[in-house]
Amino acid sequence: MSDSNAVVEIRKLWTVFKNADGEQVVHRELDLRIERGEVLSLVGGSGTGKTVLLRQILGLEKPSKGTVEVLGQAPGELSAKGAANVGMLFQHGALFSAFSVLENIAFPLRELKLLPDELIRNAALVKLQMVGLEPRHANMSPADLSGGMIKRAALARALIMDPPLLLLDEPTAGLDPESSDSFCDLLRGLHREQGLTVVMVTHDLDTLFDLSTRIAVLADHKVIVSGSAREVIAYPHPFIHEYFLGGRGQRALEALHDKPAQAPPTSAGAAH
Ligand SMILES: Nc1ncnc2c1ncn2[C@@H]1O[C@H](COP(=O)(O)OP(=O)(O)OP(=O)(O)O)[C@@H](O)[C@H]1O
Ligand SMILES: [Mg+2]
């Protein structure tokens, strides 16, 4: 039996894909446990299986071996009840272009076919405002929204069933710094107010340090370390060294720790 505080419990997970060249092992004996209220960020190189892991938590993909549990249950069948437990903002999560913004947000609820139209519409309007969009955006086409607004609408769609668990795949990728900051503010507020548990994949170090309560690093087919930024950075591994201690990582870390007393690294001045 799972501990009641675990929202996600992944044990000895193997993911193996068969392709033209034979077998590709993506995850090998991967263990990860996510507690209620965490904002757990997954970082790892491209192709290390971050998106696949989110899809397994959502129940869209089955592990080759091992178990994934969400709130003590296999996410396996996408039953109405299972789907309501997890909301996901997809990496390339386009909205349906033929639908209005409001219809997009309402879509998962409408698919359930349980509620009258008026109630669904009102629920979608509540979510629209929750993510900082205005009623006048409701009937617009996704094509008429900015990148940041599209992300907000997709987030509203992920939240329409009030899931306790939210999965975010690169939530700020492609946004300009200002939109990215304001999207982070929105996510931070939602996490605090709704008591959500969040699992986020991000390549963006500002987003990572801004939002995470814990960072987990995916390398060598498993979670090699998880903890605070400090703990993760102290872990000796070539990926971590390159990822966090390159120029990009140094600058993000400095912004995080705000250490004006220390001399900046000599390379920082040349970077601009
Ligand atoms: N359904 C599938 N069938 C076969 N191979 C797959 C499938 N889904 C993913 N893969 C492979 O699994 C590996 C991990 O993919 P995944 O999309 O999870 O990477 P990622 O860590 O999210 O990378 P990125 O940071 O670029 O988004 C890749 O090599 C991918 O080609
Ligand atoms: Mg991915």
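The values are calculated or read from the model by the stated rules, or taken from the named source; none is laboratory data. Note that the structure is predicted; figures quoted are calculated from it, not measured. For neighbour counting, all protein chains shown are included, and Cβ atoms are generated from backbone atoms with ideal geometry for every residue, glycine included.
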Notebook entry, point to check: Could you say whether any residue in region 136-157 is within 20 Å of the chain's Cα centre (by Cα) and of a type in the set (Ser, Thr, Tyr)?
Noted result: no
Of the listed residues (Arg121, Arg136), the one being surrounded by 14 or more Cβ atoms within 10 Å (Cβ to Cβ) and of a type in the set (Lys, Arg) is Arg121
Checked region 40-60 for anything surrounded by 16 or more Cβ atoms within 10 Å (Cβ to Cβ) and assigned to a loop (DSSP other than H, G, I, E, B); matches are Thr48, Gly49, Gly59
Of (1) modelled with pLDDT of 90 or more; (2) loosely packed, with under 15 Cβ neighbours inside 10 Å; (3) touching a helix residue (DSSP H, G or I) at 6+ places or on another chain (Cβ under 9 Å), Thr207 fails just (2)
Within region 156-183, the count of residues that are surrounded by fewer than 19 Cβ atoms within 10 Å (Cβ to Cβ) and either in a helix (DSSP H, G or I) or within 16 Å of ligand 1 (Cβ to nearest atom) (or both) comes to 7
Quick check: anything in region 23-39 within 16 Å of ligand 2 (Cβ to nearest atom), closer than 20 Å to Pro171 by Cα and either part of a loop (DSSP other than H, G, I, E, B) or charged (D, E, K, R) (or both)? no
